[in-house]
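First the structure, which I've put down as structure tokens, then a few questions once you've had a look.
The values are calculated or read from the model by the stated rules, or taken from the named source; none is laboratory data. These figures come from a predicted structure and were not determined experimentally. Cβ placement follows ideal geometry from the backbone for every residue including glycine, while neighbour counts extend to all protein chains displayed. To get the accessible areas, we keep the full protein, side chains included, count just its heavy atoms, and leave off ligands, DNA and RNA. Shrake-Rupley method; radii C 1.70, N 1.55, O 1.52, S 1.80 Å.
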Amino acid sequence: MFDEFHEVLKVGEEKAVPYVALRELAARHRWGVTGTPALSSARAVAEMASLLHIFVDREDPADAQRFLDACVRSNTWNAK
């Protein structure tokens with residue numbers, strides 16, 4: 001569980017220690033909590049999703065929207 005998850009993304013440099021640590025974390029589940037994510041483009045959404053080890057196409061706004069609807073803007077979780 002990572003609080004203020006968006007702060008890791010603000011670094012903007014893949015060599016930053018928190019970014020690298022989060023990317024390399026071996027865990028069955030990853031949760032990021034934030035009240036103010038920067039989600040202005042498919043690229044920004046894909047970067048956030050990649051830290052959770054979820055693939056979102058950086059060039060596909062519809063794919064980014066599906067991720068947001070299913071995983072970010074949801075008060076429920078549907079395990080399949």
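So, Ala27, is that one open to solvent by less than 90 Å² (accessible area, probe 1.4 Å), without any contact (Cβ under 8 Å) to a residue 12 or more places away in the chain, out of contact with any strand residue (DSSP E or B) (no Cβ under 8 Å at 6 or more places or on another chain) and not in a helix (DSSP H, G or I) or not? Don't jump to the end; show me each part of the working.
Working: open to solvent by less than 90 Å² (accessible area, probe 1.4 Å): yes; without any contact (Cβ under 8 Å) to a residue 12 or more places away in the chain: yes; out of contact with any strand residue (DSSP E or B) (no Cβ under 8 Å at 6 or more places or on another chain): yes; not in a helix (DSSP H, G or I): yes.
Judged against the criteria, Ala27 is a match.
Assess whether Val72 counts as being in contact with a Pro (Cβ under 8 Å, 6 or more places away or on another chain), at pLDDT below 80 and open to solvent by 50 Å² or more (accessible area, probe 1.4 Å).
It is true that Val72 is in contact with a Pro (Cβ under 8 Å, 6 or more places away or on another chain), at pLDDT below 80 and open to solvent by 50 Å² or more (accessible area, probe 1.4 Å).
If you take the residues of segment 30-51 that are among the aliphatic types (A, V, I, L, M) and surrounded by fewer than 15 Cβ atoms within 10 Å (Cβ to Cβ), which of them is farthest from Ala64 (Cα to Cα)?
Taking segment 30-51 and keeping what is among the aliphatic types (A, V, I, L, M), we get 33, 38-39, 42, 44-46, 48-49, 51.
Now drop any that are not surrounded by fewer than 15 Cβ atoms within 10 Å (Cβ to Cβ), which leaves 33, 38.
Working: Val33: 18, Ala38: 13 Å.
Among residues in segment 30-51 that are among the aliphatic types (A, V, I, L, M) and surrounded by fewer than 15 Cβ atoms within 10 Å (Cβ to Cβ), the one farthest from Ala64 (Cα to Cα) is Val33.
Here is a follow-up. Can you say whether Arg58 is in a helix (DSSP H, G or I), at pLDDT 80 or above and touching a Lys or Arg at 6+ places or on another chain (Cβ under 8 Å), as far as the supplied structure shows?
Against the criterion (in a helix (DSSP H, G or I), at pLDDT 80 or above and touching a Lys or Arg at 6+ places or on another chain (Cβ under 8 Å)), Arg58 does not qualify.
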